[in-house]
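So the structure is just underneath, and the comments pick up after that.
The values are calculated or read from the model by the stated rules, or taken from the named source; none is laboratory data. Treat the numbers as computed from the prediction; the structure is a model and nothing was measured. Glycine gets a Cβ as well: all are built from the backbone with ideal geometry, and neighbour counts include every protein chain shown. SASA here: full protein model, heavy atoms, side chains in, ligands and nucleic acids out. Shrake-Rupley method; radii C 1.70, N 1.55, O 1.52, S 1.80 Å.
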Amino acid sequence: MSLEYLKAEITRLQEAHIYQELRTLDGAQLVECVINGKKVVNFSSNNYLGLTSHPKLIEAAHRAIDSHGVGTASVRTIIGTMDIHQELESCLAEFKHTEATLVLQSGFMANTAAITTILSEGDVIISDELNHASIIDACRMVKPIPTQVYRHKDMNHLEERLKAAAKEYRRKLIVTDGVFSMDGDIAPLPDIVNLAEAYDAIVMVDDAHSSGVLGKNGRGSVNHFNLDGRVDIQVGTLSKAIGAMGGYIAGPEVLRKILINKARPFLFSTSHPPSVVVTCIAAIEVLQTEPQLIDTLWENTRYFKQGMQSLGFQADSDTPIVPVIAGDSEKAQKLSQKLFEAGIYGQAIVFPTVAKDKARIRVIVTASHTKAHLDQAVETFGRFGKELGII
């Protein structure tokens, strides 16, 4: 059967202004870079601390290739677990103040592995309505286990869900992002944990956008709220602020053991190449020895938000993620294109990633931005924001 029928769907996406073309980065993931042949200042990267090009990480990657080769050629449970994989997981466990961790190929896989492994029929998932797509997809994969959604950060609604679930289900898993990736707000973890303890529920936090950003030395949202030891499962990423690639699940040793034996994303995926593993180890060391990177990140965040607010933008998120809401998808795409032509890269985020009337440019401030970069971005957003009627 021909796939020509897909052309109609592409046309539909184009007419709705939600069709995306890939843009090509020429060279390293830097704050000043060349995209589609044009030099721009990058405000769409998750490279919060600039670690993708940190000399210590690059040096570590070179050493690992020399000592361990370029790949593992096996899954972890056969012959794909090297000494450096074990070292990384030990480093992560110490860093996260947990008994153990297990590294997977991505944060998406980590969420999938955790949710699909620890639950069985008779259990229920209670999920924040704005959780990341990887959490949503993992919940869909564990049917017939139901997922109940609570209104975003609404603790009264969460408690209603927990009360009702206590009468019907055996185990209850509350799952939330630590930092919500599209709005940059922080989950009310102390309240969530208190409710979980009151109703005997398991808590799982996805710290993808908290790692390297919140907590002491970037330990994440759990540490940020002094909740070490009170959250059952922490999922993190190695591919955003950590600057490399992968995800991990942190928690008690019993969790690691069951994941090794039952988590299908872990069992059936080749392990990380040595260069990536050692790069992540080096990144954890940098987080602990160069805290000024996180200080600069937050200083830049405050500076940028003040500039945007002075022009009439809301810019009131809790983190370096700053959503600039354009409204409909067409306006967001126009704003993105105008920014690009003026030398600012801010990718439009449209449906289905966000609601149809909440299309936006998701600005991510980093430690690598200079005050000149931030001033340029504020001026450019202000100019086109007025032109398009956004402010």
Ranked by how many other beta carbons lie within 10 Å on average, peptides 127-138, 377-388 from highest: 127-138, 377-388
Label-reachable residues, the stretch 319-345, where backbone N falls under 11 Å from a point 7 Å from residue 379's Cα toward its Cβ: none
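By the scheme Lys and Arg +1, Asp and Glu -1, what is the net charge of all other residues having a beta-carbon under 14 Å from that of residue 88? Please list the in-between numbers first.
Values: positive: 76, 96, 256; negative: 83, 87, 89, 94, 285.
Cβ neighbours under 14 Å give a net charge of -2.
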Two-site label geometry, residue 58 and residue 342: point separation in nm, points 7 Å out along Cα→Cβ: 3.2
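For the chain, with every protein chain kept in place, what is the accessible area per residue (1.4 Å probe, Å²)? It would help to have the intermediate numbers written out before the result.
Values: 17510 Å² over 391 residues.
With all protein chains present, the chain gives 45 Å² per residue.
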Accessible area of the chain belonging to carbon and sulfur atoms, whole % at 1.4 Å probe: 52
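Per DSSP helix of 4 or more residues, -39500 (n - 2.57); summed, then divided by the residues of the chain. What does that give at 222 nm, rounded to the nearest 500?
Numbers: 14 runs with 166 residues, N = 391.
Helices in the chain give a 222 nm mean residue ellipticity of -13000 deg cm²/dmol.
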Per-residue HN-Hα couplings for the stretch 229-234 [Karplus 6.51, -1.76, 1.60; θ = phi - 60°; Hz; x = Gly/Pro]: x, 10, 10, 5, 9, 10
GNM top mover of 295, 185, 26 - the chain, alpha-carbon springs below 10 Å: 26
Residue 83-residue 9 FRET efficiency (beta carbon distance; Förster radius 51 Å; 0.05 resolution): 0.60
Sequence-distant residues sharing a close amide H with residue 149 (under 5 Å, placed H): 127
GNM result for the chain, Cα springs below 10 Å: residue of 122, 343, 212 fluctuating most strongly: 122
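Using 28 Å as the Cα-Cα cut-off, could you pick out the over-long pairs in 143/167; 216/331; 39/96; 96/153; 172/305?
Values: 143/167 20 Å; 216/331 39 Å; 39/96 38 Å; 96/153 24 Å; 172/305 38 Å.
Correct reply: 216/331; 39/96; 172/305.
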Two-site label geometry, residue 25 and residue 303: point separation in nm, points 7 Å out along Cα→Cβ: 2.2
Candidates 227, 293, 189, ranked by Gaussian network fluctuation over the chain, Cα under 10 Å, top entry: 227
Cα-centre dipole for the chain with unit charges at Cβ (Lys and Arg positive, Asp and Glu negative), debye to 20: 540
